[in-house]
Amino acid sequence: MTRITYREAVRQGLREALAADDRVVLVGEDVGRYGGAYACSKGLLDEFGAERVRDAPLSEAAFVGAGIGAALAGLLPIVEIMTVNFSLLALDQIVNNAATLRHMSGGQMSVPLVIRMATGAGRQVAAQHSHSLEVWYAHVPGLKVLAAATVADARWMLAAALADPNPVILFEHALLYPVEDDVDARPAGFDPWHAAIRRPGRDATIVTYGGSLPKCLAAAETLAGEGIDAEVVDLRCLRPLDVGCVLESVARTHRAVVVDEGWKTCGLGAEISATIAEERLYELDAPVARVCTAEAPIPYAQHLETAALPSAARIAAAVRDVVPGKTAAAAAPRAE
Amino acid sequence: MSEAAIASVPEAEAWPARERCLALLRQMLLVRRFEERAAECYQQGLIRGFLHLGIGQEAVAVGAIAALEPDDRIVAAYREHGQALARGVPAASVMAEMFGKATGCCRGRGGSMHLFDAARRLYGGNAIVAGGLPLACGLALADRILGRPHVTACFFGDGAVAEGEFHESLNLAALWVLPVLFLCENNLYAMGTRLDRHQAMADIHRKGDAYAMPHAVVDGMDVLAVEAAVRRAVEQVRGTGRPFLLEARTYRFRAHSMYDAELYRPREEVERWKQRDPLPLFIARLQDGGRLDDAALAAVEAEVAAEIDAAVAAAQAAAVEPVADLLRDVVAPSSPEPQT
Ligand SMILES: Cc1ncc(C[n+]2csc(CCOP(=O)(O)OP(=O)(O)O)c2C)c(N)n1
Ligand SMILES: [Mg+2]
């Protein structure tokens, strides 16, 4: 058992992948000499050389597309895009090529590619560096989408993604990089394609992923002090969604709150709550609630950014609202 | 890039009048001292997020903008304090923006990387590398179709040259005959990637040839050379309506953003470039030319210091936007005024 940061977990995953298979290459802006915009590839250039740890020019469409081509021809590329915001310059390659080639070719082509990118707000870097666009990729058939919310997932998800024959988008939340946790040897049967219950509970299900997980766990702690026992489900895989885990949890708790740092309109929360309504409507004791980011580009000023984002307080308040019977006992005045 | 290429850049032909020289000096000093102060404010936690300093590159923004008309348009990237200040956006307004205050030029929504000022025709402040070039084409297209005589000056870094948007925009501007001055601030690095590691053909201005676009290169550490080169280029753009690609060779003295280990460049290289610091270089030339004495320099320094002190004090005292206005200005409440 060692205590490492999420950042170090990503780095160890990359290092292990490069060491394990000569077909693995790491491509991206400043992954080499600079050591990665978030320092996730420090030392890898020295260890594996410039042929396999490739600094790319500022050409997201070209180097992502080249990653797709290299995957078609037998490499196992890991492409790093600094943040999801810049991935929009490569959206065409990801959506029109990576996601479609297997299908359009009648199953002849395979794109075993992993695209890693940072996502999320909370650092006052304003609207062009802060958006959570995971759902854009989760919308697209042909892609798989993972989001690492824990240090262990940051450590082990990459290998699973690389072992998958499909293009996998792997999200790392920028605020999680300094988070520390104990990491064991790779757990037997490690399976990132299914959701995980991070905190069991009886009274309500909080469904989340990525950078919102710590906020949800904090909210659940607060609620526990008030006598509300919330279950926290970390989706981990946003496509294909592990609806089974969510529905099974809701069938036990009869209440659901979806927490997503993306915007509410047409977002992941809409997908989850629609699925719950389709499959378990009569199990629900309250309407499904959503806690999402305010419908605005993320502002720079700290107080505005904080107000725009889901917070443990907002999450706890949303859970209290769907568990009305229990709140009477803890009728302390609320923030919202 | 070789040092020889820099040395071969022609000197500014003629000296502008003394008042113009002093105005350039004042702006260079304002930008330099403003950014030094901003770095201190960052250390104190008063400014947050990313803060990209253009220290070492002041001659480009100051020299270029001095050669533009007030109605010309400016598109910049995220290292754009110099462009904003040189365009006359008050230091207090920029500082307040970086403090996230309601009195900032964008009411605290944008911060350091997103400085806008419609009245001064500053169209940002763009943090997507090369994101501004297509906008510049569109601004120029509107001016062309509406028969206006304006030029759009578009600033971007050497890193942007690798993006498709650079090539697409140059082609579009040449093809559609758009009055854009593309101004590349080549500081030799895109974050930690040196020019020759991101460009197969590193003589950036010559990329204009691929689009039948006239081009030139200028010493970006010499404010008079920049001013003269931009004046010539802008005259040509205004006269012909055709775009122009100007490369200014310069250097960033500080880290890419506030902190980086600078593992990607040798300290001696930075020190060598500091010998060509545009500010002392210009001061020395003015002094040698008898255009500046110690008293005049001290007076300008004092004036600039007072302006920045006042800007910081005002930014600190200013109120923030109410949280209730979080959703303000996301969409227009009604049909917008036609823009000029
Ligand atoms: C499309 C896009 N990709 C990546 C980034 C991350 N990034 C920010 S600045 C930068 C380097 C840009 O270098 P250059 O254009 O030379 O400008 P300079 O920083 O030297 O002023 C990179 C890679 C970004 N902002 N936008
Ligand atoms: Mg540069």
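The values are calculated or read from the model by the stated rules, or taken from the named source; none is laboratory data. From a predicted model like this one, the values you see are computed outputs, not experimental measurements. When we count neighbours, we look across all protein chains shown, and the Cβ atoms used for this are built from the backbone with ideal geometry, even at glycine.
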All but one of (1) surrounded by fewer than 22 Cβ atoms within 10 Å (Cβ to Cβ); (2) touching a residue at least 12 places away in the same chain (Cβ under 8 Å); (3) within 16 Å of ligand 2 (Cβ to nearest atom) hold for residue B:61; which doesn't? (1)
Which of the numbered conditions does residue B:135 fail, given that it passes all the others? Conditions: (1) more than 16 Å from ligand 2 (Cβ to nearest atom); (2) among the hydrophobic types (A, V, I, L, M, F, W, C); (3) over 17 Å from residue B:72 (Cβ atoms). (3)
Restricting to segment A:15-26, what's the tally of residues that are closer than 24 Å to residue A:87 by Cβ and surrounded by fewer than 23 Cβ atoms within 10 Å (Cβ to Cβ)? 6
Please find, among B:102, B:96, B:142, the residue that is surrounded by fewer than 21 Cβ atoms within 10 Å (Cβ to Cβ), within 14 Å of chain A (Cβ to nearest Cβ) and more than 16 Å from ligand 1 (Cβ to nearest atom). B:102
Farther than 21 Å from residue A:17 by Cα, away from every other protein chain (no Cβ under 14 Å) and of a type in the set (A, V, I, L, M): is that true of residue A:75 in this structure? no
Residue that is farthest from residue B:234 (Cα to Cα), among those in segment B:149-204 that are near ligand 2 (Cβ under 10 Å from one of its atoms) and aromatic (Phe, Trp, Tyr): B:189
Among the candidates B:312, B:304, B:330, which residue alone is within 14 Å of chain A (Cβ to nearest Cβ) and either at negative phi or exposed (fewer than 10 other Cβ atoms within 10 Å of the Cβ) (or both)? B:330
Within segment B:159-174, is even one residue within 13 Å of ligand 1 (Cβ to nearest atom), closer than 24 Å to residue B:219 by Cβ and more than 18 Å from the chain's Cα centre (by Cα)? yes
Quick one: would you say residue B:247 is away from ligand 2 (no atom under 16 Å from the Cβ) and away from every other protein chain (no Cβ under 14 Å)? no
Of all residues being farther than 26 Å from residue B:167 by Cα and more than 14 Å from chain B (Cβ to nearest Cβ) in segment A:52-72, which is nearest to the chain's Cα centre (by Cα)? Just the residue, please. A:71
Just to confirm my filter: which helices (runs of 4 or more DSSP H) fall fully inside segment A:44-119 and include at least 2 residues that are modelled with pLDDT under 95 and in the same structural domain as residue A:22 (by TED's automatic domain parsing)? none
For residue B:225, are the conditions met, namely being outside any strand (DSSP E or B), in contact (Cβ under 8 Å) with a residue 60 or more places away in the chain and either within 16 Å of ligand 2 (Cβ to nearest atom) or touching an Asp or Glu at 6+ places or on another chain (Cβ under 7 Å) (or both)? yes
In segment B:151-179, anything at the interface with chain A (Cβ under 10 Å from one of its Cβ atoms), under 26 Å from residue B:120 (Cα atoms) and not aromatic (Phe, Trp, Tyr) is listed as B:157, B:158, B:160, B:165
For segment B:107-127, how many residues meet the condition of being more than 8 Å from chain A (Cβ to nearest Cβ) and under 20 Å from residue B:153 (Cβ atoms)? 11
Quick one: in segment B:192-244, which of the residues that are within 16 Å of ligand 1 (Cβ to nearest atom) and among the basic types (Lys, Arg) is farthest from the other protein chains (Cβ to nearest Cβ)? B:207
Is it true that some residue in segment A:158-166 is among the aliphatic types (A, V, I, L, M), closer than 25 Å to residue A:37 by Cβ and part of a strand (DSSP E or B)? no
Yes or no: segment B:182-190 includes at least one residue that is within 14 Å of chain A (Cβ to nearest Cβ), within 16 Å of ligand 1 (Cβ to nearest atom), part of a helix (DSSP H, G or I) and within 25 Å of residue B:78 (Cβ to Cβ). no
Output yes when any residue across segment A:233-244 is at pLDDT 95 or above, assigned to a helix (DSSP H, G or I) and under 20 Å from the mean Cα position of the chain (by Cα), and no when none is. yes
List every residue pair whose Cβ atoms sit under 6 Å apart, with the two residues 6 or more apart in sequence or on different chains, where the first one lies in segment B:184-196 and is farther than 21 Å from residue B:216 by Cα and the second, anywhere, is more than 9 Å from ligand 2 (Cβ to nearest atom) and of a type in the set (Lys, Arg). B:192/A:33
Given the structure, is residue B:178 buried (at least 19 other Cβ atoms within 10 Å of the Cβ), away from ligand 1 (no atom under 16 Å from the Cβ) and touching a residue at least 60 places away in the same chain (Cβ under 8 Å)? yes
Assess whether residue A:121 counts as being more than 14 Å from ligand 1 (Cβ to nearest atom), among the aliphatic types (A, V, I, L, M) and within 30 Å of residue B:108 (Cα to Cα). yes
Could you count how many residues in segment A:277-305 are β-branched (Val, Ile, Thr) and within 11 Å of chain B (Cβ to nearest Cβ)? 2
Looking at A:187, A:192, which is the one that is part of a loop (DSSP other than H, G, I, E, B) and either of a type in the set (D, E, K, R) or surrounded by fewer than 22 Cβ atoms within 10 Å (Cβ to Cβ) (or both)? A:187
